[in-house]
Amino acid sequence: MGKKNSSKSNPVWNFITSVKLAVFLLLTLAVTSIIGTVIPQGEPLQRYLEHYGPAFFKVIKALHLYDTYNSWWFLTLLGLFALNLIACTIRRIPFTIKLWKRDSLALDLDRLMRFRLKKQWKVAGKPNPHILEKIKDVFQKEAGSVTAQKELESGQIFMVERGKWSYWGLYGLHASILIVLVGAVIGSLTGFKGNLMLPEGEAADHVLDRKSGQPQPLGFSIRCDKFTVSFYDTGAPKEFRSDVTILENGKEILKTPLRVNAPLTYKGITFYQASYQPMPEAQIRLISPDGKETRVTLPAFQKVPVPDLRLVLGLYQYLPDVHGVPAVRVWIEDGSSPARTIWVLKGNAKEFSSGSNTYRVSLVDVRNKYMTGLQVKKDPGVWIVWLGFFLMIAGFVVVFWVPHRRIYLWVGEQGGKAAVVLAGQSNKNKIHFEKDFEKVAEAIEKSLEE
């Protein structure tokens, strides 16, 4: 008794196991989760500063609102909720054990008669074994196999009990929530989310982590073999896809297309087709002073050396329509003077000097290659989360729809006559139980009339 009273008087324990605390934490988690929806997550800090201004940016940075679900305060709320859930479970277990061990046949006729659901029949004459067996057979046929029976001074009592184990369903529900939280934490601590911009024909063995901005090794390479995009008449993209190859140790392991809503998962890492970016590639013609022609292809974002002419060229800028023709801005470095750029329009050659030599440069053609944009995600805890959700659904079904049902049949002597009493209890889904109870009662009444 002393231990029980001290437990009740312990304010810290009462606070931790409080239902009010659980409701408060749930509401707080629900409300704060909205922040992670309203404020874009995982963007560079500079974007938040530009979009929200210096004042609100300080709040975003201090509270880690750019990564809400991994912030210290959100994880603290999850930890408090888990602690509350575990404490409530520990506090309730003794009561559930008591219910589980309770003897459902520890009652008599007087208590049966106080049940809300009950039926009573008086039968002429003294009880005899034939009537008893007949009623018992009907009872078992309609209610189910007798799970327990007992001899009383006034007669015999039979019980059909179902769903006693459902008292443990609540703990399965609690466990499922904790499993989901554990899976989420494992995914947060050991997984990553990253972005990868991959030009056609090129491969990458790492991605940029969205949270830290640091390279995250994949453990293999992914190559974009080809990117295709189709458009609606309005010019909006209709469908885009990447044909990719997975490589390990230089060997091609897997070739597969990547589409929007059709991701690729390999070794626990999932690639989502997210975006694309056109990448112009210009072909130019150089005419040297002696009339020799040299053709050079200039991909975007690359420097191209031309050893014969001792030049390094690059595509600095591209405009698809300048007075009806494409134009490129060519970056030129010759090692003897500072790097410079010149504009070249298709059909209009330009001259530039390198040392004592003068070259003529003209634009032959420009075509668009593409760079595919992939979102990359690794979440080792995802299967734990799915297991938790599966158990959660099962727990909800047990807690809300699986009842503990007991139907009792008493047969004995009352007032010098044979008597039959049918009584029943159910802790949930009582309307359906009442229908089943009436079916059993009708069958017994019919058998007594025969």
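The values are calculated or read from the model by the stated rules, or taken from the named source; none is laboratory data. Because the structure is a prediction, the values reported are computed rather than measured. Don't worry about glycine lacking a Cβ; one is built from the backbone with ideal geometry, like all the others, and counts go over all protein chains shown.
Somewhere in the stretch 49-58, is a residue over 25 Å from the mean Cα position of the chain (by Cα), in contact (Cβ under 8 Å) with a residue 24 or more places away in the chain and more than 22 Å from L189 (Cα to Cα)? For the stretch 49-58, residues over 25 Å from the mean Cα position of the chain (by Cα), in contact (Cβ under 8 Å) with a residue 24 or more places away in the chain and more than 22 Å from L189 (Cα to Cα): absent. For the criterion of being of a type in the set (V, I, T) and crowded, with 16+ Cβ neighbours inside 10 Å, T147 fails. Quickly run through the stretch 169-184 and pick out the residues that are surrounded by 18 or more Cβ atoms within 10 Å (Cβ to Cβ) and more than 15 Å from F389 (Cβ to Cβ). G169, the sole residue that qualifies.
Within the stretch 353-362, is there a residue that is assigned to a helix (DSSP H, G or I) and either on the phi > 0 side of the Ramachandran plot or surrounded by 15 or more Cβ atoms within 10 Å (Cβ to Cβ) (or both)? No: zero hits.
When each of G424, G395 is tested for being part of a strand (DSSP E or B) and not aromatic (F, W, Y), the lone residue that passes is G424.
Looking at this structure, is S242 of a type in the set (G, A, S) and modelled with pLDDT under 90? Considered against the rule, which asks whether it is of a type in the set (G, A, S) and modelled with pLDDT under 90, S242 comes out as no. Picking from V322, V296, which residue would you name as being more than 30 Å from Q375 (Cα to Cα), surrounded by fewer than 17 Cβ atoms within 10 Å (Cβ to Cβ) and more than 48 Å from the chain's Cα centre (by Cα)? Answer to the selection: V322. Selection within the stretch 405-450: residues that are of a type in the set (K, R) and in contact with a strand residue (DSSP E or B) (Cβ under 7 Å, 6 or more places away or on another chain). The member of this set that is nearest to H130 (Cα to Cα) is K417. Taking first residues from the stretch 155-171 that are farther than 17 Å from K101 by Cα and partners that are among the basic types (K, R), the Cβ contacts under 6 Å between residues at least 6 apart in sequence or on separate chains come to I157/K150.
Find the strands (runs of 3 or more DSSP E) located wholly in the stretch 118-221 whose residues include 1 or more that are under 30 Å from N427 (Cβ atoms) and in contact with a Gly (Cβ under 9 Å, 6 or more places away or on another chain), and list them.
On the way: elements: 148-152, 155-162, 192-199, 203-209.
Where strands (runs of 3 or more DSSP E) fall fully within the stretch 118-221 and carry at least 1 residues being under 30 Å from N427 (Cβ atoms) and in contact with a Gly (Cβ under 9 Å, 6 or more places away or on another chain), they are 148-152, 155-162.
Just so you know, in the stretch 70-117 the residues that are part of a loop (DSSP other than H, G, I, E, B) and among the acidic types (D, E) include one that is surrounded by the fewest Cβ atoms within 10 Å (Cβ to Cβ), and it is D103. Picking from residues in the stretch 89-111 that are touching a Leu at 6+ places or on another chain (Cβ under 9 Å) and modelled with pLDDT of 90 or more, the one that is nearest to S176 (Cα to Cα) is T89. In the stretch 180-197, which residues are polar (S, T, N, Q) and under 14 Å from the mean Cα position of the chain (by Cα)? Across the stretch 180-197, the qualifying residue is only S188. Picking from residues in the stretch 364-418 that are among the small types (G, A, S) and buried (at least 19 other Cβ atoms within 10 Å of the Cβ), the one that is nearest to G347 (Cα to Cα) is G381.
For Y266, the test of being among the hydroxyl-bearing types (S, T, Y) and under 30 Å from G219 (Cβ atoms) is passed.
Each residue in the stretch 256-305 was checked for being farther than 29 Å from K378 by Cα and either assigned to a strand (DSSP E or B) or assigned by TED's automatic domain parsing to the domain that holds P237 (or both), and 19 pass.
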